[in-house]
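Single-structure report; data block below.
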Amino acid sequence: MKARIVRIGNSKGIRIPKPLIEQTGLKGDVEIEAQNGKLLIKPAAKARAGWAESFKEMAKRGDDALIVDAGVALTSFDEDEWEW
């Protein structure tokens with residue numbers, strides 16, 4: 001399928017035919033990168049993708065414990081008494 005490069009303001013772009021959009025399932029934001037003289041268009045990674053799986057793995061290893069009063073050394077700045 002052919003498409004023409006067109007001017008869009010100071011940039012250039014192409015119109016992607018509807019059948020290609022439907023075949024790929026692309027929608028919303030996409031990432032575009034150049035690879036070996038070709039353009040690769042793929043769905044943009046979702047923010048926090050994979051976090052749920054990572055948290056489950058951390059819980060299995062016990063790495064998700066809340067650190068409270070871990071004996072953090074105070075500096076002289078922390079020990080100063082402030083008066084307003």
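Each reported figure results from applying straightforward, stated rules to the coordinates on display, with no laboratory input. Please read all numbers here as calculations on a predicted model, not as lab measurements. Here the Cβ positions follow ideal geometry from the backbone for every residue, glycine too, while neighbour counts run over all protein chains shown.
What to note about this one:
- Stretched out straight at 0.36 nm per residue, the stretch from Ile32 to Arg48 would grow longer than its current Cα-Cα span by 3.8 nm.
- Label point distance in nm, Glu22-Val68, each placed 7 Å from Cα along Cα→Cβ: 5.7
- Note on Lys56: lysines with a C-alpha under 24 Å away, same-chain residues under 8 apart excluded, are Lys46.
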